[in-house]
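Every read-out reported here was derived from the displayed coordinates using simple, explicitly stated rules and does not represent laboratory data. Please read all numbers here as calculations on a predicted model, not as lab measurements. Here the Cβ positions follow ideal geometry from the backbone for every residue, glycine too, while neighbour counts run over all protein chains shown.
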Amino acid sequence: MRSELSKFMLVCIGSATLLSACSNAFVSIASFKSSVSRSDRAYGTSHSSSALFSTEAKAKTLFDTVDERTGKPTGTSFLPADVVELAAKGNPIEKAKLAKDGTSAFIDVYEYARKIREGEMTWEEVEKADLDTRLKYVGMLHRGKRTPGQFMMRLKVPNGIVNADQMRFYADCVSKYDEELGVVDITTRANIQLRGVKIEDAPDIIDGLHARNQTSFQSALDSVRNMVGSPLAGIDDQEMVDTREFCNALNDLVSLDPVTETRGNPMWGNLPRKFNIAVSGSRDDFAHTHINDIGLQPCPHAKTGEMGFNVVLGGYMSIKRVAEAISANMWIKADRESVVTLSEAILRIFRDESERKDRQKARLMWLVEKYGVEEWKKAVTKEITSYDRGVSVEDAQPAPSGKFERRELLGIHKQPQDGKVRVGVLVPSGRLSRHECREIADIADKYSDGEVRLTVEQNIIFPNVDEDKVDELLAEPAFGAGKRLKTNPGFIEGNIVSCTGAQFCGLALIETKSNAEALGKKLERLVTVDRPIRIHWTGCPNSCGQVQVADIGIMGGPARKEIDGKKMAVPGCKIFVGGRVGEDAHLALEPYKEGIPLDDDDLLPVLVDILKTEFGAKEKR
């Protein structure tokens with residue numbers, strides 16, 4: 001039972017009267033206020049301006065201000081009073097967050113796990129709001145429609161950098177489950193997702209992650225997602241900015257409590273919607289800034305030559321809208337303080353002012369459009385100035401010009417370090433078995449100092465490989481005949497990206513990963529192309545597979561096919577053509593074709609025709 005000492009009823013009176021009126025309900029409220037004020041300086045923005053101590057508060061909603069189990073402020077306690085009231089009248093997820101704060105959901109995971117292990121309860125008895133909503137704050141997403149009682153656990157892997165020990169740990173985490181269900185996925189945010197996880201096993205996974213300087217906290221639902229940077233950070237002769245420091249700093253901003261120095265930052269524990277940040281390190285834009293809420297694009301200052309970032313805002317994909325990021329007409333210096341401060345300022349405004357009723361309109365783009373770009377810039381600049389950290393915002397600077405060709409990540413490429421190369425490896429559709437995870441770990445230990453880089457194309461890179469060891473690496477059994485991992489795949493199969501698909505996701509209309517992998521191989525046998533062709537698969541209009549950025553995007557959709565003389569509904573797709581990534585990024589928003597059945601007899605000829613017509617493919621004889 002939650003203690004009444006951690007609750008507060010906001011009333012329409014001044015703070016002095018408020019404290020007096022509540023003196024019987026609270027023990028040492030003055031000392032608590034003092035404690036919170038001390039925390040303000042660590043949390044950044046003023047906690048005392050939140051709903052808890054607002055002198056103009058008119059809210060009457062009961063909510064926890066401190067979670068007695070963790071001793072931390074709740075995510076809701078950082079919200080202004082009017083926002084709390086909007087949330088109380090908002091959508092079901094907002095109400096669930098008010099009823100019990102998600103930032104301490106990990107405590108529930110530990111308790112549920114103990115009871116399940118000891119036979120006191122089953123997973124079916126987990127509180128529904130926890131099962132469907134709050135456990136997402138621990139990174140646990142119940143796949144109830146496809147695999148009841150099992151979860152996908154999403155991690156945070158800033159800049160997509162992992163090591164051999166972590167790879168082996170991922171393998172160990174899923175090894176107790178069926179081979180088809182216990183798998184590891186690389187995501188389109190260069191992140192890791194563990195599949196098949198059961199609640200009773202989650203505490204050991206959480207503890208193991210934290211022991212390895214990783215976390216799953218605040219990786220799902222209304223949280224800031226994985227920080228995407230350049231997979232070539234520090235090993236790139238074309239590098240403008242090393243993104244590693246920025247991604248790690250931003251990850252700590254949103255998921256490390258600055259007061260307790262534990263994972264989970266309550267300051268960002270009650271956002272209105274998810275939030276994506278990407279930091280690009282070169283003109284290649286391997287981070288895909290144009291489809292992120294905040295995109296930082298490296299650009300030198302026109303007058304001083306100092307390296308900084310142009311800021312783009314509002315890119316996202318959803319079932320109702322797909323939006324390409326727009327210029328914020330802002331430039332900041334490429335230093336840690338500027339990057340963190342800008343992001344914090346935008347997050348604070350987003351947290352307190354974005355939509356709390358209609359989740360489809362709760363993404364950043366809607367708020368920027370409501371302000372208008374110039375007024376938004378003024379609001380962000382004012383917020384930054386209020387922090388008094390010496391951070392300045394200037395107008396966007398002219399982007400680098402001149403001919404530039406986006407480079408490839410797969411295969412063997414020299415690094416600026418003498419005698420070193422990077423080796424990019426295909427992971428078909430981003431799916432890894434436990435055995436493949438261990439093989440990758442062994443190779444990393446042997447050739448790349450234990451380091452592995454993940455890419456948003458769902459592949460991996462071994463950095464810092466000795467040039468004279470390349471032949472030995474390529475001869476490793478993991479890359480042998482019949483194996484899935486490849487160092488020199490074809491232009492089509494090497495550029496397949498896929499969402500989770502119907503195997504696990506209840507929203508997917510079609511299975512994607514197995515189809516994507518199989519179709520890539522079939523197309524390689526049918527046609528020849530002279531450049532990489534990016535084919536993305538997504539199971540539903542939410543477009544987690546990002547079909548709008550692809551050369552060819554395949555989205556699950558309705559289709560009909562004549563079977564035994566009758567038109568029957570069958571698994572089908574829409575096809576998008578012409579998306580681009582890099583400096584001239586472009587989203588293909590309208591389907592090129594619709595209602596195509598997924599059967600090879602129907603889909604393959606259509607794709608071959610598109611490849612020939614739009615991309616100059618030649619059929620093999």
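Just want the ordering: Trp537, Trp268, from fewest to most Cβ atoms lying within 10 Å of their own Cβ.
So the ranking, lowest neighbour count to highest, is Trp268, Trp537.
May I ask for the distance between the Cα centers of region 569-583 and region 229-290, given as a whole number of Å?
28
Once you list every other residue whose beta carbon is under 11 Å from the beta carbon of Ala569, what net charge do they have if Lys and Arg are +1 and Asp and Glu are -1?
Local charge sum for Ala569: +4.
Enumerate the calculated ³J(HN,Hα) couplings along region 406-411 in order (Karplus 6.51 cos²θ - 1.76 cosθ + 1.60, θ = phi - 60°), each rounded to whole Hz, writing x wherever the residue is Gly or Pro.
4, 8, 9, 9, 7, x
Once Rh is set to the Kirkwood radius over Cα pairs, what Stokes-Einstein translational diffusion coefficient, in µm²/s, holds for region 407-523 at a temperature of 4 °C and a viscosity of 1.567 mPa s?
Rounded, D is 87 µm²/s.
Collect residues whose amide H, placed 1.01 Å from N in the peptide plane, falls under 5 Å from the amide H of Phe63; neighbours closer than 5 in sequence don't count.
Result for Phe63 returns Phe8.
Kindly write out, for region 73-78 in residue order, the coupling ³J(HN,Hα) from the Karplus curve 6.51 cos²θ - 1.76 cosθ + 1.60 (θ = phi - 60°), rounded to whole Hz, with x marking Gly and Pro.
Once rounded to whole Hz, the list reads x, 7, x, 5, 5, 8.
Using the eigenvalues of the Cα gyration tensor, what equivalent ellipsoid semi-axes result for region 411-479 when each is taken as the square root of five times the eigenvalue, whole Å, largest first?
Working through the eigenvalues yields semi-axes of 19, 14, 10 Å.
Based on Cα coordinates alone, diagonalise the gyration tensor for region 493-619, multiply each eigenvalue by 5, take square roots, and list the semi-axes in whole Å, largest first.
For region 493-619, the ellipsoid semi-axes come out as 22, 18, 13 Å.
Arranged by the count of other C-beta atoms within 10 angstrom, fewest first, what order do His435, His536 take?
Exposure proxy ranking, most exposed first: His435, His536.
Karplus couplings for region 199-205 from phi (6.51 cos²θ - 1.76 cosθ + 1.60, θ = phi - 60°), rounded to Hz, Gly and Pro as x?
Taking θ as phi minus 60°, the curve returns 4, 5, 9, 4, x, 5, 5 Hz for region 199-205.
When the Debye formula is applied to the Cα atoms of region 221-399, each taken as the same point scatterer, what base-10 log of I(q)/I(0) results at q = 0.08, 0.11, 0.12 Å⁻¹?
The Debye formula, applied to the Cα set alone, gives -0.22, -0.43, -0.52.
For Gly281, what residues show an amide H to amide H distance below 5 Å, using hydrogens built from the backbone and excluding near sequence neighbours?
Ser230, Phe286, Ala287
What pairs from Lys156/Lys320; Lys486/Lys574; Lys483/Lys618; Lys128/Lys593; Lys72/Lys513 go past 31 Å between their alpha carbons?
Cα-Cα > 31 Å for Lys128/Lys593; Lys72/Lys513; rest within.
How large is the Rg to Rh ratio of region 214-295 when both quantities use alpha carbon positions and Rh follows Kirkwood?
The Rg/Rh ratio comes out at 1.01.
Beyond 42 Å, what percent of the Cα pairs of the chain remain?
For the chain, the fraction of Cα-Cα distances above 42 Å is 24 percent.
Using packing as a proxy for protection, rank 179-191, 578-590 so that the peptide with the highest average count of other Cβ atoms within 10 Å comes first.
179-191, 578-590
With an 8 Å Cα cut-off and a minimum separation of 6 or more residues, compute the relative contact order for region 430-507 in percent.
Worked out over region 430-507, it gives 25 percent.
How big is the gap, in Å, between the Cα center of region 488-539 and the Cα center of region 387-440?
Going from one Cα centre to the other spans 22 Å.
To the nearest 500 deg cm²/dmol, what mean residue ellipticity at 222 nm is calculated for the chain from DSSP H runs of n ≥ 4 alone, each contributing -39,500 (n - 2.57), summed and divided by the residues?
Estimated from H runs of four or more residues: -9000 deg cm²/dmol.
I'd like to know how region 52-157 sits against the 2.2 N^0.38 Å rule of thumb: what's its Cα Rg over that expected value?
1.21
Take peptides 509-521, 489-501, 410-422 and line them up by average Cβ neighbours within 10 Å, highest first, as a rough protection proxy.
Ranking, from highest mean packing down: 489-501, 509-521, 410-422.
If contacts are Cα pairs under 8 angstrom and at least 6 residues apart, what is the relative contact order of region 514-565 in percent?
It rounds to 27 percent for region 514-565.
Please name which of Thr243, Thr122, Pro300 has its Cα lying farthest along the dipole of the chain towards the positive end, using unit charges on Cβ (Lys, Arg +1; Asp, Glu -1) and the Cα centre as origin.
Sorting the options by dipole projection puts first Thr122.
Would you give the gap between the C-alpha center of region 540-568 and the C-alpha center of region 143-221, rounded to a whole Å?
Centre-to-centre distance over Cα atoms comes out at 29 Å.
Ranked from highest to lowest mean number of other Cβ atoms within 10 Å per residue, what is the order of the peptides 287-298, 254-265, 133-144?
Order by mean packing, descending: 287-298, 133-144, 254-265.
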